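Each remark here refers to the structure printed beneath this line.
The values are calculated or read from the model by the stated rules, or taken from the named source; none is laboratory data. All figures in this text were calculated on a predicted structure; none of them were measured in a lab. Glycine also receives a Cβ, built like all others from the backbone with ideal geometry; neighbour counts cover every protein chain displayed.
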């Protein structure tokens, strides 16, 4: 899968050292459907993209953390 396959004009930038709550908060505030995880600052080039976090990833993570309590 390429970045073009999941590309959306509505995205947020995240960095590997960021706390996930901050990334999720930024996605929520901006209405972003994905966060592009990148090293470096400024314009993100293909060689700087480490991965993407989607709303589905976030939902799956929340569901997995709730499972022990159900």
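Comparison of 52, 37 shows that the only residue that is touching a helix residue (DSSP H, G or I) at 6+ places or on another chain (Cβ under 7 Å), part of a strand (DSSP E or B), modelled with pLDDT of 75 or more and surrounded by 12 or more Cβ atoms within 10 Å (Cβ to Cβ) is 52. Condition check for residue 4 on (1) exposed (fewer than 10 other Cβ atoms within 10 Å of the Cβ); (2) modelled with pLDDT of 85 or more; (3) in a helix (DSSP H, G or I): one failure, at (2).
If I ask for residues that are part of a helix (DSSP H, G or I) and either in contact (Cβ under 8 Å) with a residue 24 or more places away in the chain or surrounded by 15 or more Cβ atoms within 10 Å (Cβ to Cβ) (or both), which ones from the stretch 21-34 would you list?
Kept after step one, since they are part of a helix (DSSP H, G or I), are these residues of the stretch 21-34: 21-30.
Within the stretch 21-34, 23, 24, 26, 27 meet the criteria.
May I ask you to list the residues in the stretch 55-70 that are in a helix (DSSP H, G or I) and farther than 24 Å from residue 2 by Cα? Listed by number, the residues that qualify are 62, 63, 64, 65, 66, 67, 68, 69.
Only a single criterion out of (1) surrounded by 10 or more Cβ atoms within 10 Å (Cβ to Cβ); (2) touching a strand residue (DSSP E or B) at 6+ places or on another chain (Cβ under 7 Å) is not satisfied by residue 16, namely (1).
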